[in-house]
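Derivation of every value follows stated rules applied to the coordinates shown; laboratory data play no part. These figures come from a predicted structure and were not determined experimentally. Don't worry about glycine lacking a Cβ; one is built from the backbone with ideal geometry, like all the others, and counts go over all protein chains shown.
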Amino acid sequence: MTEVAEKVQKVLEEVATWNLLEVRDFVKAFEDKFDVKAQAAAVAVAAPAGGDAAPAAAEKTEFDVVLEGLTDPAKKIPVIKVVREITALGLAEAKKLVEEAPKAIKEGVPKDEADAMKKKLDDAGGKTSLK
């Protein structure tokens with residue numbers, strides 16, 4: 001392994017121990033420091049064979065579950081419990097995330113999973129959206 005690859009491997013091993021909020025904060029700080037934008041690779045959509053028809057828009061398959069706020073301040077504890085369940089965050093981290101709404105709870109999840117998370121959060125007293 002080259003020296004650069006060893007450095008990269010050490011950083012990756014460290015990042016693998018972080019929770020979702022820490023990774024998100026790291027990515028934001030990295031983007032800000034180096035003036036870059038981290039984004040998933042775009043999938044090219046090929047034009048249909050033998051026609052002038054425009055390619056169909058690719059259906060979105062991954063969603064971000066965003067907690068917009070609470071329907072009632074008294075519902076804060078049940079929402080924190082659901083956030084902990086969904087994210088595996090500690091109590092203090094989940095509480096902070098709920099208090100700082102609007103915040104992404106989970107990013108890049110399949111539609112079915114995102115809908116289930118949204119329903120759990122809504123049932124607990126959260127206001128959520130899928131983006």
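If you go through the stretch 105-118 and keep only what is closer than 14 Å to Glu22 by Cα and buried (at least 17 other Cβ atoms within 10 Å of the Cβ), you end up with Ile105, Lys106. If only residues of the stretch 75-96 that are assigned to a helix (DSSP H, G or I), touching a helix residue (DSSP H, G or I) at 6+ places or on another chain (Cβ under 8 Å) and aliphatic (A, V, I, L, M) are counted, the one that is farthest from Gly126 (Cα to Cα) is Leu91. If you go through the stretch 83-103 and pick out every residue that is surrounded by 14 or more Cβ atoms within 10 Å (Cβ to Cβ) and within 16 Å of Asp64 (Cα to Cα), you end up with 7. Residues that are without any contact (Cβ under 8 Å) to a residue 60 or more places away in the chain, assigned to a helix (DSSP H, G or I) and either farther than 22 Å from Pro73 by Cβ or in contact with a Leu (Cβ under 9 Å, 6 or more places away or on another chain) (or both) within the stretch 97-116 comprise Val98, Lys111, Asp112, Glu113, Ala114, Asp115, Ala116, listed in sequence order.
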